[in-house]
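**Q** Quick one: this structure, given as structure tokens, is what I'll be asking you about.
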Amino acid sequence: MSIETQIATGLEAMGLAATQEQRRLMAAHLHLITKWNRVHNLTAVRETEQMVPVHLFDSLSLVPHLGEARSLLDVGSGAGFPGIPVAIVRPDLQVTLLDSSSKKCAFLEQAKTELGLANVRVACERVELWKPEHRFDRVVSRAFADLADFVVQAGHLVAPGGRMVAMKGVYPFEEIARVPATHRVAGVLELAVPDLDAKRHLVMVEAA
């Protein structure tokens, strides 16, 4: 099965609509990671076929839960997950990829250019020190930090009425218990990710 066929099958299972061009861009992103991985350690997953469920489908499971958001910040974006797949299927959404690693930022800039993603920008900054001109409707972390650390370090980047969204594995009871009193957990959703044999949850956090 080709990567694009694998992607198309998974998207259908998730009920996500994507054009042939969007599917091509998703595959191109994964192939670019595989190429860079030979020199730079962007992700521990080495096989492109494995990246489809582990990184791509997992990232796309966020899309139905973004509501009316117009801007999204991907904190600790790394190889561009979840920000790049989300930007591909939501071209109306302004997506900022934030990472403190210059190596990873160089990759993200290359990916943005090669994929022609006009709705993406890259910021190479430490999250707790970054003071952008505009704050964001959704501030997302996928593999960034403990929930409490995420709130403390990135809470200042959320626009009024916006939400922080943490993508987690098993239900994070202990992490939720440590969320600072300045914030509250607005909901926890269990996600279904095709071909991924692991628990996945989305934790929504709002200012208290």
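The values are calculated or read from the model by the stated rules, or taken from the named source; none is laboratory data. What you see is a predicted model; the values in this text were computed from it and never measured. Here the Cβ is made from the backbone with ideal geometry for all residues, glycine too, and neighbour counts use every protein chain on show.
**Q** Hey, among the residues in the range 3-31 that are touching a Gly at 6+ places or on another chain (Cβ under 9 Å) and outside any loop (DSSP other than H, G, I, E, B), which one's surrounded by the most Cβ atoms within 10 Å (Cβ to Cβ)? I'd like the intermediate steps shown before the answer.
**A** Going residue by residue through the range 3-31, those that are touching a Gly at 6+ places or on another chain (Cβ under 9 Å) are 16, 25, 29.
Narrowing further to those that are outside any loop (DSSP other than H, G, I, E, B): 25, 29.
Values: LEU25: 22, HIS29: 24.
Filtering the range 3-31 for residues that are touching a Gly at 6+ places or on another chain (Cβ under 9 Å) and outside any loop (DSSP other than H, G, I, E, B), the one surrounded by the most Cβ atoms within 10 Å (Cβ to Cβ) comes out as HIS29.
**Q** Got a sec? Which of ALA106, ALA111 is over 16 Å from the mean Cα position of the chain (by Cα) and part of a helix (DSSP H, G or I)? Talk me through it step by step, then tell me what you get.
**A** On the way: ALA111 fails: over 16 Å from the mean Cα position of the chain (by Cα).
When all the criteria are applied, what remains is ALA106.
**Q** In the range 72-95, is there at least one residue being out of contact with any Cys (no Cβ under 8 Å at 6 or more places or on another chain), in a strand (DSSP E or B), without any contact (Cβ under 8 Å) to a residue 60 or more places away in the chain and over 23 Å from GLU190 (Cα atoms)? So that I can check it myself, show each step before the final result.
**A** In the first step, residues of the range 72-95 are kept if they are out of contact with any Cys (no Cβ under 8 Å at 6 or more places or on another chain); the result is 72-95.
Applying the additional criterion that residues be in a strand (DSSP E or B) yields 72-75, 94-95.
Retained after the next criterion (residues that are without any contact (Cβ under 8 Å) to a residue 60 or more places away in the chain): 94-95.
Pick out the ones that are also over 23 Å from GLU190 (Cα atoms) and you get 94-95.
Yes, the range 72-95 contains at least one residue that is out of contact with any Cys (no Cβ under 8 Å at 6 or more places or on another chain), in a strand (DSSP E or B), without any contact (Cβ under 8 Å) to a residue 60 or more places away in the chain and over 23 Å from GLU190 (Cα atoms).
**Q** Return a yes/no flag: does the range 86-104 have any residue that is surrounded by 21 or more Cβ atoms within 10 Å (Cβ to Cβ), out of contact with any helix residue (DSSP H, G or I) (no Cβ under 9 Å at 6 or more places or on another chain) and not hydrophobic (A, V, I, L, M, F, W, C).
**A** yes
**Q** With the requirement that a residue be in a helix (DSSP H, G or I) and either touching a strand residue (DSSP E or B) at 6+ places or on another chain (Cβ under 6 Å) or surrounded by 15 or more Cβ atoms within 10 Å (Cβ to Cβ) (or both), what does the range 32-48 give you? So that I can check it myself, show each step before the final result.
**A** Here is the first cut: in the range 32-48, the residues in a helix (DSSP H, G or I) are 32-37, 48.
Within the range 32-48, LEU32, ILE33, THR34, TRP36, ASN37, THR48 meet the criteria.
**Q** How many residues are surrounded by fewer than 23 Cβ atoms within 10 Å (Cβ to Cβ), in contact (Cβ under 8 Å) with a residue 40 or more places away in the chain and assigned to a helix (DSSP H, G or I) when one looks only at the range 49-66?
**A** Qualifying residue count for the region: 6.
**Q** So, PHE144, is that one under 24 Å from PRO85 (Cβ atoms) and modelled with pLDDT under 95 or not?
**A** Values: under 24 Å from PRO85 (Cβ atoms): yes; modelled with pLDDT under 95: yes.
Criteria met by PHE144.
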